[in-house]
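So the structure is just underneath, and the comments pick up after that.
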Amino acid sequence: MTRFSHRVLATATALTVLSTGASAFAAESAETTAAPEAAESAIAVQLDGNDLTFTDAVPQVKDERTFLPFRAVFEAMGAEVSYDAATNQVSATRDGTTVTMTLDSTEATVTTGDVTTTLAMDVAPYAAQNRTYVPVRFAAQAFGCAVGWDQDDSTVILVDTQKLLEDAKADNTYTYLDKYLAYNEQFMTGNWEMKADFDASATVLGMGPATLEGTMSGISAGSTQVEAAMTMKMDLKALIDGFNGLVSAGTETEGTVDAEAQAKTDALLKALKEDGISMELRGDLGTGMLYFTLSGDVLADAGIPADSWISMDMGALYGAMGMDYTALIDASKTLDPNALLQTSLSGMTLTDKDADYAAVSALVDGVAKFLADDSFVKDGSNYTTTYTLNQAGADVTIAFTLLMKDDAVVGYDLTMKATSGGDDETGIPAMAMDMKAGMDADNNMTVSMTLDSNNMLDMSLEMTGSYATTDKAPELTPPADATVIPYEQLLTGTAEQA
C-alpha cells in the first residue's frame, strides 16, 4: 500500500469542501559554447515522468537542501530565464508569472500582472562554478509545480500541475461550471449573516463517545473577512474515563484516585456539559491573521490571562507545512475548482518517481472530465455530474448536482464517499468517509459527515443553517485593550502579550 492513496483522499476532500463554498537558475553568460557530454550527479531529477539531463551543472545538496541548475530545469518547463550581473539576480518567467531571486539573499519576489509579492525562503541562492543555484522546492512551487523526493532512488520529482490541467481541459467546455461560479460569486461580495446549529460525536481508539452540540453565528464581508461566535456543550466523561483507564492499566497507580484532582475534573466536565463554552473568532483570511478567544475558566486553567485573545498567522502555519497560503486563498476567492485543485496538488508530497506522476495525471484528468459539460446529466431542471476514482487503494465517488432555475444555478447538492485500505508502512489505518452538503434556493444549508478510521477515530457531524444579506460589518481584530498572545508562543510555553 502506498502513501498516495491517502493523498488521493486528501485532494478529493479538499476539492469537495472548497467546491462548497530554483529548483535552480543557471546564471550563464551571453556567449554560446558547444554542449559538453552529460555531467554526473548523485541526484537525479524527473519532470513530468521524464528524467532531465544536465550537461554542465549538476544538482547539489547544501545545508540539507537540494539545489538545481536553473536553466536546464526551467527551460524544460517552458520558462524564459535571465541573469542580471549588475544586481546578481536570476529570474524566470512563464505564463505571466516572474520569479526573481538574488544571490545570497533569502528574499524572493513573485510577480503576476501588476502584483508583486515578496516571500521569504529558508535558504539562499548561491553561485558555484559560474552557475547560480536556487532551492528546488520554493522555485518550482512558485510556478505551481508539485515537488517531491524519492529517497530510494535519490530523485527529485517535479510535476507541472498547471500543464496537466491545461492539457486535461483542452478538449472540454465548462459552461455548467461557469454557471456555478456565477452563483457562488454572490457569496464573495457584500456582507452576509450566517446562523447554524450543529451536533457531533466521536470515539477515539474505541473510547467514548465524546459528544458536542452548539450554535454558530457570524458575519462575513467579501470573500475573506469574518466575525463569528460559537457556543458549545460537550460531554467528555466517557472519553476521559477511557483514557484514564488506559493510562493507569497495569501500573502501580491502578485503582488509586487523587480525590482532589478527581473532584476538579468532575467539576470541569459537569460545567462543559451543562454550561458549555463559548468561542469568538475574528480575522481576515486575506491577510492570514485570525484571532480567537474562549469563555469561562478555560484560558485561566491553561495559565493564560482571562479574556485574552490568541492570534494565528495562517501564512506562517501553512508555510511550515510546505504550502503556499497566499496561493490557496487567491484560488479560493475565485471558487474555481480547477485553481483549487492545482493549489492542492502543488502542495502534495511525492515519494515514488515510478508511480506518482501517472497517479497525479490520472487524478487531474478525472477531475477535468468531472467538471466538463459532457459529464453533466439532466434530471428535470437540474444537472448532475459524477466523479469516481479507484487508485492506489483509494475509492472515491463524488456526485455534484446543480439546482437550476431559468438556466441559472440557485443551489447545489454534493455527496462524497471515500475509502482507503490503509498503509502498513506508516501505520495509517483504513478509512471510510461519507459526506453530504447542500444549499437550497433560499440559501438554507445542510452538512453531514461520518468518518470511520478502523477504530482509531470514528466521528459524525450534522449541521443546518442559513445565509442572509446584511448591512452589518464584521469586527476583524480584538478589542483595543485586549491581551493578544501569538499561537506559537502557546506551543513553546513562552506566551507573552503581543
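Can you give me the ranges of the strands (runs of 3 or more DSSP E) entirely in the stretch 119-228 with at least 3 residues that are modelled with pLDDT of 90 or more? Walk me through it before giving the result.
Numbers: elements: 126-128, 131-135, 145-150, 155-160, 191-204, 207-221.
By residue number, 155-160, 191-204, 207-221.
If I filter the stretch 436-487 down to residues being of a type in the set (D, E, K, R) and loosely packed, with under 15 Cβ neighbours inside 10 Å, which single residue comes out as farthest from the chain's Cα centre (by Cα)? Selected residue: Asp481.
Applying a threshold of 6 Å to beta carbon distances and a minimum spacing of six or more residues, or different chains, the list of pairs starting in the stretch 91-103 at a residue that is buried (at least 21 other Cβ atoms within 10 Å of the Cβ) and ending at one that is part of a loop (DSSP other than H, G, I, E, B) and of a type in the set (A, V, I, L, M, F, W, C) reads Ala92/Ala79. Annotation note: Cβ proximity below 6 Å between a residue of the stretch 41-53 that is under 13 Å from Thr351 (Cα atoms) and a residue that is of a type in the set (S, T, N, Q) (sequence gap 6+ or interchain) occurs for Gln46/Thr155.
Could you tell me whether any residue of the stretch 257-267 is of a type outside the set (Ser, Thr, Tyr), within 27 Å of the chain's Cα centre (by Cα) and either surrounded by 12 or more Cβ atoms within 10 Å (Cβ to Cβ) or modelled with pLDDT of 85 or more (or both)? Within the stretch 257-267, none of the residues are of a type outside the set (Ser, Thr, Tyr), within 27 Å of the chain's Cα centre (by Cα) and either surrounded by 12 or more Cβ atoms within 10 Å (Cβ to Cβ) or modelled with pLDDT of 85 or more (or both).
If I filter the stretch 25-33 for residues that are part of a loop (DSSP other than H, G, I, E, B), more than 23 Å from Leu119 (Cβ to Cβ) and modelled with pLDDT of 60 or more, do I get at least one hit?
First, the residues of the stretch 25-33 that are part of a loop (DSSP other than H, G, I, E, B): 25-33.
Narrowing further to those that are more than 23 Å from Leu119 (Cβ to Cβ): 28-33.
If we keep only those that are modelled with pLDDT of 60 or more as well, we get none.
No, the stretch 25-33 contains no residue that is part of a loop (DSSP other than H, G, I, E, B), more than 23 Å from Leu119 (Cβ to Cβ) and modelled with pLDDT of 60 or more.
Per the conditions (1) surrounded by 15 or more Cβ atoms within 10 Å (Cβ to Cβ); (2) touching a Gly at 6+ places or on another chain (Cβ under 7 Å), the sole criterion not satisfied by Val159 is (2).
The values are calculated or read from the model by the stated rules, or taken from the named source; none is laboratory data. Model, not experiment: these values are computed from the prediction. With ideal geometry, Cβ positions are generated from the backbone for all residues, glycine too; neighbour counts draw on all protein chains shown.
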